[in-house]
1. Once R0 is set to 30 Å, what does the formula 1/(1 + (r/R0)^6) return for the Cβ-Cβ distance between residue 79 and residue 140, expressed as a FRET efficiency to the nearest 0.05?
2. Just to be sure I understand the model, the point goes 7 Å from the Cα along the line to the Cβ. What's the resulting residue 53 to residue 177 distance in nm?
3. So if I restrict to the alpha-carbon atoms in segment 56-134, what is the Rg, and what is Dmax, the biggest pairwise distance, in Å?
4. Compute the orientation-averaged projected area for segment 136-179 from the convex hull of its Cα atoms and round it to one decimal in nm².
5. Please arrange 136, 181, 43, 89 by how many other C-beta atoms lie within 10 Å of their C-beta, fewest to most.
6. Taking every eigenvalue of the Cα gyration tensor of the chain, multiplying by 5 and rooting it, what semi-axes result, largest first, whole Å?
7. What FRET efficiency comes out for residue 92 versus residue 161 if R0 is 22 angstrom and r is the Cβ-Cβ distance? Round to the nearest 0.05.
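Laboratory data are not the source of any read-out in this text; all were calculated from the coordinates shown. Values in this document were obtained by computation on a predicted structure and should not be read as measured data. Don't worry about glycine lacking a Cβ; one is built from the backbone with ideal geometry, like all the others, and counts go over all protein chains shown.
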């Protein structure tokens, strides 16, 4: 069984984070390996430009482009004001999760959101994150993470800073299948969301 590291936070902390959660950002994919994931996400409250409550389904593909970095592409439809989203995330896991130390990294993310009542919204964010993997006697592995995504969003010629706190965990009980849960909280001009996910790794 390959060793897998928690990646955003990705913050990461994608996806958003005001609208595309960290999800598989901290779950690092090894060099030349790949992973695919599906993530239902519910926006619970909103305070950002062009946002709104709703439900989205994000599909994400992650590839290990080097021993320390991943590239992720995300796309998906949504209800409410954000009807469609597309973007990408580059993550750099500069402190690997090893025995006796906490893993840490930084992700950069850009997403475009098609809005029902406006021309669209672009978000550009950075995701510093930390994580640590644990194992149980039953063989379950879980990898809690914390990320603080921050950046800018642009809508109809306007822009503002956005800042979030994202907490969650990745759970892996088999070689290829993993599950995620994540809560994103608004710190400034961002959405509050709850997301779940399932992913397959080669």
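1. 0.35
2. A separation of 3.3 nm, rounded to one decimal place.
3. Reported Rg and Dmax, both Å: 15.3, 50.
4. 4.6 nm²
5. The fewest-first ordering by Cβ neighbours comes to 136, 181, 43, 89.
6. In descending order, the three semi-axes are 28, 16, 15 Å.
7. With a Förster radius of 22 Å, E is 0.45.
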